[in-house]
Amino acid sequence: MSLRKTISLLLIPCAMGTASNLFAHANTKPKDNLDTYSGRSYQENSSAYVDLVLSHGCDGEATVHAAVLLPNANDLSGNTSSGPDGNYAGNALMGAKAQLNANWKHIAYGKGSVPTYYLRGEQQEDVRAIHWQRGYVPDDVIELLTFRADTPKLEGCVSKLKVNIPTVQYCTHGKVKAWIKQPTAVFGEEVISTGFSPSIDVVRDTVNNPLPEECGAGIEVEAYPTNEEIDQYLSRQRKP
């Protein structure tokens, strides 16, 4: 199934709820096709087409480089699965590929080791970051950065997996805007969006994969990368 919508690794049990759209931020674009998975929600065990919206530059400056980090290094055992028999843990987003975009002269991938998962065979390495480089997006226009990735099957009592996608914009005159929840060694308080990161939700297909009776309405878990991973994979100085 293919759906298109536009947006220590830590698993955080979360209260169920709906946040308001933050259009002034970089964020995933809500989809506009009609199906049961609305907003920024994607069905488990499917291919998702995600559009990340850059709604502005950095304090009036044009964006010349953008990067996203996928939280794929955490162990989701017991919460997700992958493979024809479900005998592998699934990463938050698997096998990501960026769509060609004429606004950027180069697209680069940062790959790294991840817990063993199944995607057309057993895999132990996956895309961790995507860098759109050598572009020019003025502050007064929006840009969509599109990529495709496979979502895992949800297991146990998990009804929803929130997948944070930290994003950094590098702009002219050395300005930077980092859409990450907390400061890191590379990205200080002055350039971050405290408490906010672009994200999507992977939602359980309760018709074909019902929750166990003892789970009630189920639980939500959240995947967010470590500060060290953010610095390693999103830094402009590091070659992806």
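Can you bin every Cα-Cα distance in region 128-220 into 5 Å intervals starting at zero and give me the percent of pairs per bin, rounded to whole numbers? Reading the bins upward from 0: 3, 10, 17, 16, 15, 13, 10, 8, 6, 3, 1, 0.
Of K111/K177; K105/K162; K105/K177; K97/K153, which pairs sit farther than 25 Å apart, going by alpha carbon to alpha carbon? Over 25 Å Cα-Cα: K105/K162. May I ask for the net charge around Y170, where only other residues with Cβ less than 10 Å from the Cβ of Y170 are counted and Lys, Arg are +1 while Asp, Glu are -1? Its environment carries a net charge of +2. For the peptides 160-168, 94-102, 60-68, 200-208, the ranking by mean Cβ contacts within 10 Å, running from highest to lowest, is 160-168, 60-68, 200-208, 94-102.
Full extension of the chain between N103 and A217 gives 36.7 nm of extra length, using 0.36 nm per residue less the Cα-Cα distance.
The numbers here are math on the coordinates, done by the rules we state, and not lab data. These numbers were taken from a predicted model, which means no experiment stands behind them. No Cβ is skipped: glycine too gets one built from the backbone with ideal geometry, and neighbour counts run over all protein chains shown.
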